[in-house]
Every structure is written in structure tokens, then in C-alpha cells.
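In what follows, a structure is listed as C-alpha cells, so that the remarks can point back to it.
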């Protein structure tokens, strides 16, 4: 290889500048990571995702209805396979073909993926609901286990029903029930009835969290103010100050 050409390739030179310019001119396609993480959960296959990415690329360039043979060339497929995937996207309610106005006041066909966006949105809501339900179930189980541990015996079906009523009907927070359990144990009253009286008392005071209960206790039983105490041997007697005058 000639020395000059080798130096140009090694340092980049006009070849790198041309690539950089081409790279910028071709633009970029923005794809939501949430789609990449969950496309299978909304019924999209890997091939459908590849076609979607190609469609998204052309749509970002202003081409709302790219040719199937052009996409097939990029994907290394035949045109019939691209048509098949497009049909699957429509059949699976992930995409529709709609009419949109162009710059000349005419109508033109365009691919529309709002159905896909709606499915992803519904998936996010369902995921959040499952997480909340799992957290509630875990908190409920923790409450049952802690009460059984402190009482030193299994709970009866009637007691389990009472605890469920606290959570479901009275809407007491698990942390509040756990705090009532602590109060009952400190009083050596291993009884749900005792805990229920504690919870009712807090409810009358509109105390709904453990932090509110703690502040109420501090308000009722303020800590005594600490007074400085003299250290033995370090007492400093009051010494009168005399005005010295010459006689």
C-alpha cells in the first residue's frame, strides 16, 4: 500500500470526514426501551419488531408508507415475507393503515402504531397493579406471621378474619397494626380485642400512620427538660467585686 494512502487511512483524513458527514445526514431512529423490553408481552414477534424498526426509520424521515421491496432489501428478505409480516401486525391489532393529509391538501395512506402504544400502556398499568397486589399480599402475610410469633400460637380462622377486616374494611395500614401489636405485647395483653381497642383509639384521633402515632405520644408525654448540673469540685463561688480606691 502506498505510504500516503496508508497515512490517510490511519489518521482518518477525508475518508473519516466523509463517513462522519454521511453518518449525520442519515439521521437516527429513536425507539422506546420499554418496547424493546416488552414487545413479546404485547404479542409482537422478533420479525414483526424488525419490520417495525424499518417502518419507524422511514416514518421518521417523513415517508409514511415505505415500499415493501425497499424494506425487504434492508432485511435480506423477499418482498412476500415483508407483506406477510405487515398483515400479521394488522391482524394482531398492533398497527392500522390510516389516511392522513399531505402538504397539498390530499389524503395519503400511512402506517399507524397507536394500537401498539395503547397495548404497551395497558401492560404498564397491569404490571403496576400486579406489583401493588404482590406488595399488599406480602404485607398481609407479614402481619399474620408477626402476630402468631408474638402470641406464640397459630391464629384461629376467626382471628384471621378479624385481621382481614382491619386491612380490607377498616383500611388500617400494616405498619399501624404492627405498632398496635407492639403496644399489646408491652402490656402483656396477647389479644386481638386489646389491639382492636388500640386501633379504634388511634382512629378516633385520626392517626393513620406510625409516624403520627409517635408524634401524638411525644405530645402527650413530653420529655423533661434537662437542667445543667454542677460537677463536684468544680463549683465556682460567687466572689463580690470591690471597688478599690486609694486612701
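What nm value, rounded to one decimal, do you get for the distance between residue 18 and residue 84 when each label is placed 7 Å out toward the C-beta?
4.0
Using only C-alpha atoms and all pairs of different ones, pull out the Kirkwood radius for the stretch 27-112 in Å with one decimal.
13.7
Using a 10 Å cut-off on Cβ atoms, rank the peptides 159-168, 81-90 from the highest mean neighbour count down.
Details: 159-168: 14.8, 81-90: 17.2.
Descending packing order for the listed peptides: 81-90, 159-168.
If we sort 45-55, 62-72 on the protection proxy, mean other Cβ atoms within 10 Å, highest first, what's the order? Mind dumping the intermediate values first?
On the way: 45-55: 17.5, 62-72: 15.0.
Taking the mean over residues of other Cβ atoms within 10 Å, the ranking is 45-55, 62-72.
Please report the projected area of the stretch 128-220's Cα convex hull averaged over all directions, in nm².
Values: hull surface 25.9 nm².
Across all orientations, the stretch 128-220 yields a mean hull projection of 6.5 nm².
By how many nm would the segment from residue 171 to residue 74 lengthen if fully extended, with 0.36 nm per residue of separation less the alpha-carbon distance? Let's see the in-between values first.
Details: separation 97, 0.36 × 97 = 34.92 nm, distance 5.79 nm.
That pair, residue 171 and residue 74, stretches by 29.1 nm at full extension.
List 144, 19 from most exposed to least, where exposure is judged by having the fewest other Cβ atoms within 10 Å. Write down the numbers at each step before the final one.
Details: 144 16, 19 11.
With the fewest neighbours first, 144, 19 line up as 19, 144.
If each of residue 201 and residue 40 carries a label point 7 Å out from its Cα toward its Cβ, how far apart are those two points in nm?
Output for this residue pair reads 5.6 nm.
Along the three principal axes, how long is the stretch 50-188 when you take its alpha carbons, biggest first, rounded to the nearest angstrom?
Projected onto its principal axes, the Cα set of the stretch 50-188 covers 82, 35, 23 Å.
Place a point 7 Å from Cα of residue 156 in the direction of its Cβ. Which residues in the stretch 179-198 have their backbone N less than 19 Å from it?
What the label zone holds, given the 19 Å backbone N cut-off, is 189-197.
Using a 7 Å offset from the Cα along the Cα-to-Cβ direction at both residue 131 and residue 191, what is the distance between the two label points in nm, to one decimal?
Inter-label distance under the simple model: 4.3 nm.
How many angstrom separate the Cα center of the stretch 14-33 from the Cα center of the stretch 126-193?
After rounding, the separation between the Cα centres reads 59 Å.
Bear in mind that the values in this text are calculations on the coordinates, not laboratory data. Small disclaimer: the values here were computed from a predicted structure and weren't measured. Cβ coordinates were reconstructed from backbone atoms using ideal geometry, including for glycine residues, and neighbour counts include every protein chain displayed.
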